[in-house]
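Contents: one structure, followed by commentary.
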Amino acid sequence: MTALKGLFSIALAAAFFVAAPSSSFAQYNYNSSGTILDVLTETDGAQAVVAAVLVVDEAGVLDFSLANLLGDKRSRVILLAPSNSAFEDLLGLDPGFLDGLTVEQIKDALPGVLPDGVGAEEVAAILLKHAALPERVNPKTASESALLKDGSIEVADGSEFPVSIGEAGTKVNYETTIVKPNLRARNGFVHFIDTVIVDGLL
């Protein structure tokens, strides 16, 4: 991970000047009339997950567009969205390293710094572990407290992850904590999480 961190730093430095850092994930600006994609793009601290979605879409490794899915008012999605700090942990970057960077800056740097053997297909596989596609979730009427409960959640690739709710908060797959739950969008809900779920992919 040290080598990866160095490569990421070099790629970012070569591509642009890093803006003055802001507090990561400081605000959750969203409009309930907007889509999940709107929630992500309007949230400070979610730039990395949006960049990953765009990298996958531009590579064309899926037979559908993730951005279109998240931006379609007719779709129904429950998204477990890793924060920027979750991606920093995954890539071995210093806390706050992604602060101040735009989606485009992260997107441009990401493909060239992933570990050997990890490309857009693997990034797509990771992202599919973060989206549940329930048929009957109605964002207008769903009870927020019922969206995640003790038991499990099935995600888009067919994996099923345990969910536990306790005094320490809500955890998914034992190690991932929901840091900001139940952001309501027109086409579903976003739960921001503190870990990128790789589940054996990396």
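The values are calculated or read from the model by the stated rules, or taken from the named source; none is laboratory data. Since we're looking at a predicted model, the values are computed, not measured. Every residue, glycine as well, gets a Cβ built from its backbone with ideal geometry; the counts of neighbours run over all protein chains shown.
A few notes on this one:
- Residue count for region 11-69, restricted to those that are at pLDDT 50 or above and not in a loop (DSSP other than H, G, I, E, B): 24
- Members of region 105-121 that are at pLDDT below 80 and of a type in the set (Gly, Ala, Ser): 112
- Every residue from region 52-110 that is out of contact with any Lys or Arg (no Cβ under 9 Å at 6 or more places or on another chain), closer than 18 Å to residue 196 by Cα and either surrounded by fewer than 16 Cβ atoms within 10 Å (Cβ to Cβ) or of a type outside the set (A, V, I, L, M) (or both): 82, 84, 85, 87, 88, 89, 95, 96, 99, 107
- Subset of region 186-196 [surrounded by fewer than 22 Cβ atoms within 10 Å (Cβ to Cβ) and either closer than 13 Å to residue 127 by Cα or in contact with a helix residue (DSSP H, G or I) (Cβ under 7 Å, 6 or more places away or on another chain) (or both)]: 194, 195
- Residue satisfying all of: in region 107-117; in contact (Cβ under 8 Å) with a residue 24 or more places away in the chain and farther than 13 Å from residue 90 by Cβ; nearest to the chain's Cα centre (by Cα) among these: 107
- Considering 136, 76, the condition of being modelled with pLDDT under 85, basic (Lys, Arg) and over 14 Å from the mean Cα position of the chain (by Cα) is satisfied by 136 alone.
- Residue 178 meets the conditions (1) within 16 Å of the chain's Cα centre (by Cα); (2) in a loop (DSSP other than H, G, I, E, B) in every case but one. The failed one is (2).
- Qualifying residue in region 162-172 (condition: under 15 Å from the mean Cα position of the chain (by Cα), in a loop (DSSP other than H, G, I, E, B), at pLDDT 90 or above and farther than 16 Å from residue 53 by Cα): no
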